[in-house]
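The values are calculated or read from the model by the stated rules, or taken from the named source; none is laboratory data. Worth saying up front: this structure is predicted, and the values here are computed from it rather than measured. Because the Cβ atoms are built from the backbone with ideal geometry, glycine has one as well, and the counts that use them run over all protein chains shown.
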């Protein structure tokens, strides 16, 4: 759970666009597995038309829970208009204001209970079904886990730089990043690099 929350916070959940970074040859040209219309970026997962009703429902349940918690603390409050007018209830992405996507990411400091509620709802209602849908799509395309492991994304370096040292350096940095991202043993990596 902690790792998943960190991935949400840094916007590095395994979307199609994120997977293209390490497996471009496999995922090149792929779009959102839910709507099939747009690149599946971090923000698109939450703003996808295929998730619209679900995300609105999660937002509404979050608001209801928050109101319940507020009333448990102080049942004399009767006017919630200021709370309801906040941008954090907006489902769209906006780089200039905090929206519900920022609540999903965990970037806005809120009640631990509310943060956990949002995480559980998003995970159960959007992320798990999305992953199941993607697995089915990959299976229909003949893409297996074994094939993914065998595949290596090929990235070319700028043509004006043909030094072998730079190519080795680039490959090494790319490998270090992959070892970090995918939880490989860094000692094993270093041993393979220096042997």
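Can you tell me how many residues in the stretch 122-151 are under 18 Å from residue 2 (Cβ atoms) and either surrounded by 14 or more Cβ atoms within 10 Å (Cβ to Cβ) or touching a strand residue (DSSP E or B) at 6+ places or on another chain (Cβ under 8 Å) (or both)?
3
Tell me whether the stretch 61-69 contains one or more residues that are touching a residue at least 24 places away in the same chain (Cβ under 8 Å), under 12 Å from residue 125 (Cβ atoms) and within 19 Å of the chain's Cα centre (by Cα).
So far as the stretch 61-69 goes, no, none of its residues is touching a residue at least 24 places away in the same chain (Cβ under 8 Å), under 12 Å from residue 125 (Cβ atoms) and within 19 Å of the chain's Cα centre (by Cα).
Of these, 103, 83, which one is assigned by TED's automatic domain parsing to the domain that holds residue 18, over 26 Å from residue 14 (Cβ atoms) and either free of Cβ contacts under 8 Å to residues at least 24 places away in the same chain or part of a helix (DSSP H, G or I) (or both)?
83
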